[in-house]
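The values are calculated or read from the model by the stated rules, or taken from the named source; none is laboratory data. Worth saying up front: this structure is predicted, and the values here are computed from it rather than measured. FYI the Cβ positions are ideal-geometry reconstructions off the backbone, even for glycines, and counts take in every protein chain you see. Surface accessibility is based on the protein's heavy atoms, side chains included, excluding ligands, DNA and RNA. Shrake-Rupley method; radii C 1.70, N 1.55, O 1.52, S 1.80 Å.
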Amino acid sequence: MSTYKLVCPHCKSRMRIRTSEGRHIFLRVAYLQCTTEACGWSVRAEFEMTHELSPSGMPDPTVRLPCAGGELRQAALRAEPGQSKAPSEKRGVHRKGKAASVPFAPQLSKA
């Protein structure tokens, strides 16, 4: 199982996901809270899947995401565990290990 390292931008402490809800197969909305009681910062976050880096070995024809271009693929290959995978990822959210199995938000094509 993979985990996200969520860091409070104010005090640099870990944040926890208090609750989350799936909005779409590719989108999950989460409510986060800083673990440092004196800070107590809380925030709403969205986790989304935006591009396919490699095709599924068991494809579902109803699942459609744009294929990642060369820049995104190279960024994913260069990234070390614990660092952002793509230049467009938001600061303070890092992935460790394998890709998360959390639903995210698409750029749906009209086909």
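I'd like to check one number: the per residue accessible area of segment 1-48, probe 1.4 Å, reported in Å² as a whole number. Per-residue accessible area for segment 1-48 comes out at 67 Å². For a modelled paramagnetic label at residue 11, 7 Å from Cα along Cα-to-Cβ, the residues of segment 35-68 in reach, with backbone nitrogen under 18 Å, are 35-44.
With contacts taken as Cα pairs under 8 Å at a separation of at least 6 residues, segment 4-80 carries a relative contact order of 19 percent.
In this structure residue 24 has an accessible area near 70 Å², from a 1.4 Å probe over the protein heavy atoms. Annotation: residue 49 carries an accessible surface of approximately 60 Å², with a 1.4 Å probe and no ligand, DNA or RNA atoms counted.
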